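Notes to accompany the following structure.
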Amino acid sequence: MHRIWEIDFFRGIAIILMITFHTIFDLSYYYGMNINYSSGFWYYEGKLSALTFIFLSGICSNLSRNTIKRGIQIFLWGMLLTITTFLINKSLYIKFGILHFLGISILLSPLFKNMNEKLLLIIGTFIIIISNYIDKITVNFPYLFPLGLPDQNFASLDYYPIIPYFGVFLYGILFYKIFYSKGKKLIKKDLKNNPITYLGQHSLTIYLIHQPIIIFILSLLK
């Protein structure tokens, strides 16, 4: 299928936002700088990056030639991050981060790609709305966190549960059906050789290696 370069461009913007947020996080978490990343501007900047990735992944699930293989690969990369962060800090590691979420969502996507647009909108919106009620539920079983039901002892460096974020993923599928499937584009300009597009083309690799690079650079500047 013909590559939609503007999707890579928007993914590249999300990469820039992500690197910026993680730099702020590292400065605060590892170097003790007084920067609030859990609320306010930097919190929403980081969330915008993640939501953009999720939305674009929903779009791209319609373009993948081997959805199952892609979903498994991304989930396994997430598990590698789980093992790596567990070895670094057994009390605070990535249990169900964005790669775990994206892998599961891509695996589930074949169940939704053939649904009509109204049903996708209803299901996606329902998943997002119901999260407001799920947040108030306390569970004692410690393994429901992928669904958005963590117990009171749950902690994770990165956490993107199926509820509510699968709703955003479904919005991406919906956007493809009403927009890209009809040959429409948001940007008329050719973005194939744009440097931001290049970042978007290599987003998974950049995601996997950017944190060690950031920490290394910050250690040199300390």
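The values are calculated or read from the model by the stated rules, or taken from the named source; none is laboratory data. Note that this is a predicted model, so its numbers are computed, not measured. Because the Cβ atoms are built from the backbone with ideal geometry, glycine has one as well, and the counts that use them run over all protein chains shown.
Structural remarks
- Yes/no for Phe145 being touching a residue at least 12 places away in the same chain (Cβ under 8 Å) and under 27 Å from Tyr29 (Cα atoms): yes
- Residue within the stretch 25-45 that is within 20 Å of His202 (Cβ to Cβ), touching a residue at least 40 places away in the same chain (Cβ under 8 Å) and not basic (Lys, Arg) present: no
One line per residue, one yes/no per condition, for (1) of a type in the set (A, V, I, L, M); (2) surrounded by fewer than 18 Cβ atoms within 10 Å (Cβ to Cβ):
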residue: Trp5; (1), (2): no, no
residue: Phe10; (1), (2): no, no
residue: Ala14; (1), (2): yes, no
residue: His22; (1), (2): no, no
residue: Ile35; (1), (2): yes, yes
residue: Gly40; (1), (2): no, yes
residue: Ala50; (1), (2): yes, no
residue: Gly58; (1), (2): no, no
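- Lys189 meets each of the listed conditions (1) part of a helix (DSSP H, G or I); (2) under 21 Å from Cys60 (Cβ atoms) apart from (1).
Every residue, every condition in (1) crowded, with 18+ Cβ neighbours inside 10 Å; (2) within 20 Å of Ile68 (Cβ to Cβ); (3) modelled with pLDDT of 95 or more; (4) among the aromatic types (Phe, Trp, Tyr), yes or no:
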site: Ile104; (1), (2), (3), (4): yes, yes, yes, no
site: Leu108; (1), (2), (3), (4): no, yes, yes, no
site: Ile128; (1), (2), (3), (4): no, no, yes, no
site: Leu147; (1), (2), (3), (4): no, no, yes, no
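- Test: residue in the stretch 207-216 that is under 30 Å from Asp135 (Cβ atoms) and outside any helix (DSSP H, G or I): no
- For the stretch 178-194, a residue qualifies if it is touching a residue at least 12 places away in the same chain (Cβ under 8 Å) and surrounded by fewer than 18 Cβ atoms within 10 Å (Cβ to Cβ), and the qualifying residues are Ile178, Ser181, Lys185, Leu186, Ile187, Asp190, Lys192, Asn194.
- Looking across the stretch 149-178 at every residue that is modelled with pLDDT of 95 or more and either assigned to a strand (DSSP E or B) or among the aromatic types (Phe, Trp, Tyr) (or both), the one that is farthest from Glu6 (Cα to Cα) is identified as Tyr159.
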